[in-house]
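Structure first, commentary second.
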Amino acid sequence: MYTIKIVNFDGEMQTVATLADKIWREHYAGILPSDQIDYMIEKFQSFTAIKDSVSSRGYEYFFISDENGEAVGYFGVTCESDALFVSKLYLGASVRGKGLGRTCLDKCAEIARGNGLQKLRLTVNRNNPSFGFYKKVGFTVVREEDADIGNGYYMNDYVMELQL
């Protein structure tokens, strides 16, 4: 039994940041160079980045806990004018393939509908194996995007959407 809980406090944001550091290093090791992983964790997944996105940019973060209360994954969302943007969705290696990704997306759909939105949007690295999962659950590619994130690095992503 897994639970999804909104992140409200600094300690919970630190838990997400610690989890992000672990998951990113295991998941992106074969996809991105280690120095880019370090840079992106600091820029987007650190405690400071998470706190800023919550306090000043309208993001909400959620973490997923197992039956022992251990955090095993997280996701972050924000409302855009026409869609709920699923900014982050990461699960630890030990819980992938157990239906949690779909459970998280179901929660995202609930949040979207609660905000009057009928679409989910996300970006996924074009070499990320999760791309197949998103296609399987009904997301479609709407465009490719190459975003300059600084320090000489780019995010080479697909922008995907799911009509609810």
Assess whether Asn125 counts as being under 13 Å from the mean Cα position of the chain (by Cα) and surrounded by fewer than 17 Cβ atoms within 10 Å (Cβ to Cβ). yes
In the list Ile41, Ile31, Ile37, which residue meets the criterion of being β-branched (Val, Ile, Thr), surrounded by 17 or more Cβ atoms within 10 Å (Cβ to Cβ) and over 14 Å from the mean Cα position of the chain (by Cα)? Ile37
Just checking, which of Gly73, Gly97, Gly69, Gly116 is within 22 Å of Tyr2 (Cα to Cα) and either surrounded by 19 or more Cβ atoms within 10 Å (Cβ to Cβ) or modelled with pLDDT of 95 or more (or both)? Gly73
Mind checking whether some residue in the stretch 103-120 is in a helix (DSSP H, G or I) and touching a helix residue (DSSP H, G or I) at 6+ places or on another chain (Cβ under 7 Å)? no
Which of the residues spanning the stretch 128-164 are within 15 Å of the chain's Cα centre (by Cα) and within 20 Å of Ala29 (Cα to Cα)? Asn128, Pro129, Ser130, Phe131, Phe133, Met155, Asp157, Tyr158
Could you tell me whether any residue of the stretch 49-61 is of a type in the set (A, V, I, L, M), over 12 Å from the mean Cα position of the chain (by Cα), surrounded by 17 or more Cβ atoms within 10 Å (Cβ to Cβ) and modelled with pLDDT of 95 or more? yes
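The values are calculated or read from the model by the stated rules, or taken from the named source; none is laboratory data. Keep in mind that what you see is a predicted model, and the values were worked out from it rather than measured. All Cβ positions, even for glycine, are placed from backbone atoms using ideal geometry, and neighbour counts span all protein chains on display.
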